[in-house]
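*Asks:* Could you have a look at this structure, given as structure tokens, before my questions?
Taken together, the values in this text are just the output of simple stated rules run on the coordinates, not laboratory data. Quantities reported herein were computed from a predicted structural model and do not represent experimental measurements. Cβ atoms come from the backbone with ideal geometry, glycine included; neighbour counts cover every protein chain shown.
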């Protein structure tokens with residue numbers, strides 16, 4: 001044996017080497033477990049000693065933990081909790097993000113309020129005719145919130161998030177109203193599953209009159225489509241009890257005098273050249289039962305009355321008793337097609 005052999009470890013190989021490694025791991029685990037076991041015992045002993053001290057002097061009041069004082073600089077940097085709409089605290093970033101998600105460009109906000117189109121709203125803003133919270137804003141892209149006070153030309157703008165427009169091909173035996181005390185069927189019974197918004201019919205159709213009917217919650221549009229000064233176009237197909245001579249068609253256009261005043265059709269012609277008892281008539285008046293009364297004045301009995309067009313809306317591809325939502329393009333045209341008359 002050399003002078004340094006007692007300081008060197010024997011070189012292990014094969015199975016002996018693997019067994020030595022496993023032995024080292026077992027020893028390391030045992031040492032770790034012993035360390036934490038000793039730590040737990042020390043903590044338990046300290047806790048037991050504290051309870052014993054409190055038992056000896058029960059009259060001594062418990063001392064409250066004193067919070068360390070913070071400097072003015074630290075207090076300034078501390079984040080301030082912000083309450084969300086649900087009443088739970090949140091940080092500033094979440095509140096800012098929530099507000100940004102609900103914000104809207106000013107011209108879009110005005111358009112959603114039913115005042116005018118988005119392009120026209122942008123022009124109003126640029127002309128300085130729009131105020132936000134009492135301040136004139138000239139940037140159409142200025143972001144506004146639902147809580148902001150927006151006025152265009154002195155008129156308060158109320159944003160409507162969920163405007164609904166439904167075209168119904170009305171069948172017979174349904175009345176055009178929101179409810180009926182007599183329990184009769186209403187047009188709202190047909191579209192009751194279409195939306196959760198409170199919608200109502202624009203104008204009226206008689207119980208036995210069929211055809212195009214618009215239902216919406218857009219009050220601004222409904223007012224435009226029913227006000228006489230806007231002269232909204234309506235076309236009806238009328239089936240009569242007998243053929244109509246050309247002279248009576250001319251009378252419809254030249255004008256008749258009814259019990260509530262004079263009335264004239266914008267146009268009248270044969271809808272079917274082979275059957276002169278079927279007439280197409282265009283009129284813009286919104287007076288009650290006006291088409292029926294015009295033909296009754298001339299001595300005809302109206303067997304069937306069907307509105308085939310209302311404000312450029314037709315019942316094309318909509319079966320009787322069915323409905324559909326208007327497209328965005330249809331809504332845009334519906335709102336501004338009679339701009340020149342306004």
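*Asks:* 7 Å from Cα along Cα→Cβ at both residue 250 and residue 331: what's the point-to-point distance in nm?
*Replies:* So the two model labels end up 4.8 nm from each other.
*Asks:* How long are the three semi-axes of the equivalent ellipsoid for the stretch 224-280, computed from the Cα gyration tensor as the root of 5 times each eigenvalue, in whole Å, largest first?
*Replies:* Sorted largest first and rounded, they come to 23, 15, 9 Å.
*Asks:* Starting from the Kirkwood radius over alpha-carbon pairs of the stretch 205-342, derive D by Stokes-Einstein at 4 °C in a medium of 1.567 mPa s and give it in µm² s⁻¹. It would help to have the intermediate numbers written out before the result.
*Replies:* Numbers: Rh = 16.0 Å.
Using the Kirkwood radius from Cα pairs, D works out to 81 µm²/s.
*Asks:* Moving to a separate point now. State, to one decimal in nm, how far the label point of residue 103 lies from the label point of residue 304, with both points 7 Å from Cα in the Cβ direction.
*Replies:* Distance between label points: 5.8 nm.
*Asks:* Under a crude label model (7 Å from the Cα following the beta-carbon direction), how far is residue 29 from residue 162 in nanometres?
*Replies:* With each label placed 7 Å out from Cα toward Cβ, I get 6.1 nm.
*Asks:* Residue 196 to residue 48: FRET efficiency via 1/(1 + (r/R0)^6), r the Cβ-Cβ distance, R0 45 Å, to the nearest 0.05?
*Replies:* 0.10
*Asks:* Turning to a different aspect of this structure: So for the stretch 101-156, Kirkwood radius off the Cα pairs, Stokes-Einstein at 4 °C and 1.567 mPa s: how many µm² s⁻¹?
*Replies:* Reported coefficient: 122 µm²/s.
*Asks:* Please sort 142-148, 229-235, 199-205, 257-263 by packing, taking for each peptide the average over its residues of neighbouring beta carbons within 10 angstrom, highest first.
*Replies:* Numbers: 142-148: 15.1, 229-235: 16.9, 199-205: 18.9, 257-263: 10.3.
Ranking, from highest mean packing down: 199-205, 229-235, 142-148, 257-263.
*Asks:* With N residues in the stretch 186-228, what two-decimal value do you get for its Cα radius of gyration over 2.2 N^0.38 Å? Please report the intermediate quantities before stating the final value.
*Replies:* Working: Rg = 11.0 Å, N = 43, 2.2 N^0.38 = 9.2 Å.
Compactness ratio reported: 1.20.
*Asks:* Report the FRET efficiency, 1/(1 + (r/R0)^6), for residue 312 and residue 151, where r is their Cβ-Cβ distance and R0 is 25 Å, rounded to 0.05.
*Replies:* For R0 = 25 Å, the calculated efficiency reads 0.20.
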